[in-house]
Amino acid sequence: MKRAVILTLCALLFLGCRQKKTHAPQEETGTSVQLSPLPEVHSKPVTLLKYPIKAVLVETTAEAIPTWREFAWAKPTLILLSQNPQLQPIPAEVKTDAVTLTLNGNLIDFQKKATSRSANPTILPHMALSAALEAGLFSRVVWVLPIKKETTLSAESFRQQMLSTNDLSKEEAASFELKNGSFIGKVRGVPVQATPLYALTPQKGPLLLHLDLGFFPPLYSNEIKTPLHTLLYATLKALRAQRLSVMAVTLSQANLSGDLPLKVRFLGDLVVRLLQDPERLDQPLPTNDSRRNEALYLANFFQKEKVLELYRQMEKDSPTDATIKYDLYQTIRQFKQGNQALEYLTQAVELDPLFALEYLELATLAQEKNRPDEALRMLSLAAESFPDDPFILLNMAEIDQKIGHTEGTREIVDKLKLLPWSPIYQPGIDEYLTKLGVAHPQTRER
């Protein structure tokens, strides 16, 4: 789903996201985790982007929770840079399970139980901050909004739009007022400041910082007006100017949530490198970063030959970089060389399985072109990387039904019926599967 959130009377700010595919397994394993005391991890604070810090890079914001929990003993302030506040409410029926997961789950647990691509999730990815607040991980939250300086802020617009996206209750929304360029209120009983980066005031510790890379699209126009590398560097320099003393930094890629396209997946590694070596912020771009920057710019002028040459040079210097393989896949597609392009996509997936999300896009494209056999082939390739995603199988069953592959439909439906589908997140799925498995035209068999 996509949710457009208007934070001002005259400008749109995209806060929500479209749920995309993930590789979370569909079955719950093991026994339920019991609550246990939180460990006390004593970490010496680091001045952000003045001294090196090793950031924890994950796929979704929810996957950052195990790292956040390590510092819960200090009752820190979370500084969240994100276009989505991660405040979707947790259903009452699973709130206890959500708190248990938050206080005890490891990364694998969150990959299994904090995804919309599971038959029986505990929470969904955009409930991450809700879960953290329910579990008492933070004493305060500073939500940094991706808003440009020319934007006019309105407290009433902010309140209404947070209500429309269901991120805040009526009482929570009513608590927010505009003060000194920031929205100040309370969420789940915790003080929250929602502020543009340019209005951020000095923050006292202890602090954790989380940057969801989906933060950048609302600030980005194109490579001519707002070059991506320039935008990223300017954002990090603005953060450096705050002299934030942080205990830890987490980053989320935002590809699974759909907030960031695969073509800019390279941002995650780039930010990690800059945090580890902050002096690079004041130096020229490294060779391959400079080449990519130029390639992104030239793409606006349809210079695909030059763009391809730049990506081939990058591949020569970094032959195991999955993002470059994906760039080559996208570029070679423009030359109508489908097989060669798919070979590069295969290489990208081998190096980074998340690039298999592209197969799902290709499957959708094939269906739009009325090529069901090709759609099934792409879905099969996606399933190899995401074997526990039940919705890939469901899509395959729907295509089989449409083209009359009776046995294929029934075989898949029988597998899907064995899964523990959530009555909360997937109501009516059992009835749908039953109808899918029996009521369809029989034009031909496998």
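The values are calculated or read from the model by the stated rules, or taken from the named source; none is laboratory data. It should be emphasised that the depicted structure is a prediction, and the values quoted were computed from it without experimental measurement. Please note: Cβ atoms are built from the backbone with ideal geometry, for glycine as well, and neighbour counts cover all protein chains shown. Accessible surface areas use protein heavy atoms only, side chains included; no ligands, DNA or RNA. Shrake-Rupley method; radii C 1.70, N 1.55, O 1.52, S 1.80 Å.
LYS50: modelled with pLDDT of 95 or more, charged (D, E, K, R) and open to solvent by 60 Å² or more (accessible area, probe 1.4 Å), yes or no?
Working: modelled with pLDDT of 95 or more: yes; charged (D, E, K, R): yes; open to solvent by 60 Å² or more (accessible area, probe 1.4 Å): yes.
It is true that LYS50 is modelled with pLDDT of 95 or more, charged (D, E, K, R) and open to solvent by 60 Å² or more (accessible area, probe 1.4 Å).
Step by step: first the residues of the range 299-328, then only those that are over 14 Å from GLU350 (Cβ atoms) and small (Gly, Ala, Ser), then the one that is modelled with the lowest pLDDT. Which residue is that?
ALA299
Would you point out which residue out of PHE216, PHE183 is without any contact (Cβ under 8 Å) to a residue 40 or more places away in the chain and surrounded by 22 or more Cβ atoms within 10 Å (Cβ to Cβ)? Don't jump to the end; show me each part of the working.
Details: PHE216 fails: without any contact (Cβ under 8 Å) to a residue 40 or more places away in the chain.
Exactly one of PHE216, PHE183 is without any contact (Cβ under 8 Å) to a residue 40 or more places away in the chain and surrounded by 22 or more Cβ atoms within 10 Å (Cβ to Cβ), namely PHE183.
In the range 265-290, how many residues are β-branched (Val, Ile, Thr), under 15 Å from ALA322 (Cβ atoms) and open to solvent by less than 20 Å² (accessible area, probe 1.4 Å)? Walk me through how you get there before you give the answer.
So the first thing to find is which residues in the range 265-290 are β-branched (Val, Ile, Thr), and the list is 271-272, 287.
The next check asks that each one be under 15 Å from ALA322 (Cβ atoms); those that pass are 272.
Applying the additional criterion that residues be open to solvent by less than 20 Å² (accessible area, probe 1.4 Å) yields none.
Residues meeting the conditions: 0.
So THR47 ticks every box in (1) in a helix (DSSP H, G or I); (2) over 12 Å from LEU137 (Cβ atoms); (3) polar (S, T, N, Q) but one. Which box is left unticked?
(1)
Cβ contacts < 8 Å: first residue touching a residue at least 40 places away in the same chain (Cβ under 8 Å), restricted to the range 415-427; second residue open to solvent by 60 Å² or more (accessible area, probe 1.4 Å) and outside any loop (DSSP other than H, G, I, E, B), any location; separation 6+ or different chain. Result?
Once the first residue is touching a residue at least 40 places away in the same chain (Cβ under 8 Å) and sits in the range 415-427, its partners that are open to solvent by 60 Å² or more (accessible area, probe 1.4 Å) and outside any loop (DSSP other than H, G, I, E, B) give TRP421/ASP430; ILE424/GLU93.
If you go through the range 164-173 one residue at a time, do you hit one that is modelled with pLDDT of 95 or more, more than 24 Å from ALA98 (Cβ to Cβ) and surrounded by 15 or more Cβ atoms within 10 Å (Cβ to Cβ)?
no
Return the pair list, or none, for Cβ contacts closer than 6 Å from residues in the range 158-180 that are closer than 22 Å to PRO125 by Cβ to residues that are open to solvent by less than 40 Å² (accessible area, probe 1.4 Å) and in a loop (DSSP other than H, G, I, E, B), at least 6 apart or on different chains.
MET162/LEU168; THR165/ARG3; THR165/GLY16; ASP167/PRO85; ASP167/LEU87
Inside the range 313-339, can you point out the residues that are part of a helix (DSSP H, G or I), open to solvent by 70 Å² or more (accessible area, probe 1.4 Å) and closer than 22 Å to LEU298 by Cα?
Scanning the range 313-339 gives LYS316, ASP317, ARG333.
Please find, within the range 70-87, the residue that is nearest to TRP143 (Cα to Cα) out of those that are open to solvent by 30 Å² or more (accessible area, probe 1.4 Å) and touching a residue at least 40 places away in the same chain (Cβ under 8 Å). Steps first, please.
Residues of the range 70-87 open to solvent by 30 Å² or more (accessible area, probe 1.4 Å): 70, 73, 75.
From what is left, the residues that are touching a residue at least 40 places away in the same chain (Cβ under 8 Å) are 70, 75.
Working: GLU70: 21, LYS75: 17 Å.
If we take residues in the range 70-87 being open to solvent by 30 Å² or more (accessible area, probe 1.4 Å) and touching a residue at least 40 places away in the same chain (Cβ under 8 Å), then LYS75 is nearest to TRP143 (Cα to Cα).
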